[in-house]
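Written out below as structure tokens is the structure these notes cover.
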Amino acid sequence: MDKDTRSAYFGFFNEIGIISQLSRAILESRLPDGMLISHFSVLNHLIRLADGRTPLDISRAFQVPKTSMTHTLSVLEKHKLVQMKPNPKDGRSKNVWITALGREFRDNAISAMDPDIEKLSRQLAGVDIAGLNEQLATIRKIMDVARDKEQ
């Protein structure tokens, strides 16, 4: 690989990483006490990709140990944001279902960021955020497939 390509891709990932850290800090500052970005992220994942997944599927998607995901899911279940039901396919594992309260929690967390988003949108006037979202989604899908092939 040539140096310019490596540099461009590293810069791309570096900028996304910094944006991720900054946006996570904004979101986490708007979450209720005791709730973390990891809790929100699982709810958002279940809404984005459909619930009914096993804890193992979710831990693989987040690339975290199953024990870590089990802890996150137990906190969400304790707050009645998700419900664990027996897996109808095997009876041994469970499936995770988001509750109406979980959907409301996720929607409220996003709405709580409105002041931050409004300020940023004024500063980014003229930037095609929707177009950037499409491009980033394309890159994410390619990287998702690569991750899934490695597992």
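Readers should treat all values here as calculations from the given coordinates under stated rules, not as data from a laboratory. On a predicted model such as this, the values are computed, not experimentally measured, just so you know. Here Cβ is always computed from backbone atoms with ideal geometry, including for glycine, and neighbour counts include all displayed protein chains.
If eta is 1.306 mPa s and T is 10 °C, what Stokes-Einstein diffusion coefficient results for the chain, Kirkwood Rh from Cα pairs, in µm²/s?
My calculation gives 90 µm²/s for D.
Put simply, the stretch 31-112 fits an ellipsoid with semi-axes of 20, 13, 11 Å; these come from the alpha carbon gyration tensor as the roots of five times its eigenvalues, largest first. Restricting the stretch 73-109 to trypsin sites (Lys or Arg not before Pro) that sit in a DSSP loop and have at most 14 other Cβ atoms within 10 Å of their own Cβ leaves Lys80, Lys89, Arg92.
Applying 1/(1 + (r/R0)^6) with r as the Cβ-Cβ distance of Thr70 and Ser20 and R0 = 22 angstrom yields a FRET efficiency of 0.35.
Exposure proxy for Lys149, Lys66: other Cβ atoms within 10 Å of each Cβ, ordered fewest to most, give Lys149, Lys66.
Does anyone have the angle between helix 100-112 and the longest principal axis of the chain? Alpha-carbon axes, 0 to 90°, nearest 10? The angle comes out near 20 degrees.
Between Arg48 and Lys149, the simple label model (points 7 Å from Cα in the Cβ direction) yields a spacing of 2.2 nm.
Under a straight-distance cross-link criterion of Cα-Cα below 23 Å, which lysines are reachable from Lys85, leaving out those fewer than 8 residues away in the same chain? Lys85 reaches Lys66, Lys94. Identify the residues of the stretch 36-58 with backbone N under 18 Å of a label point that sits 7 angstrom from the Cα of Lys78 along the Cα-to-Cβ direction, or state none. Within reach of a label on Lys78, which here means backbone N under 18 Å from a point 7 Å along Cα→Cβ, the stretch 36-58 contributes 36-43. Site pair Thr138 and Leu36 shows an inter-label distance of 3.6 nm when each label is modelled 7 Å from Cα along Cα→Cβ. In this label model, Ile110 and Asp90 are separated by 3.2 nm, measuring between points 7 Å along each Cα→Cβ vector.
Per-residue Karplus couplings for the stretch 73-89, computed as 6.51 cos²θ - 1.76 cosθ + 1.60 with θ equal to phi - 60°, are listed in order as 5, 5, 5, 5, 5, 4, 8, 6, 8, 9, 10, 9, 10, x, 6, x, 7 Hz, Gly and Pro entered as x.
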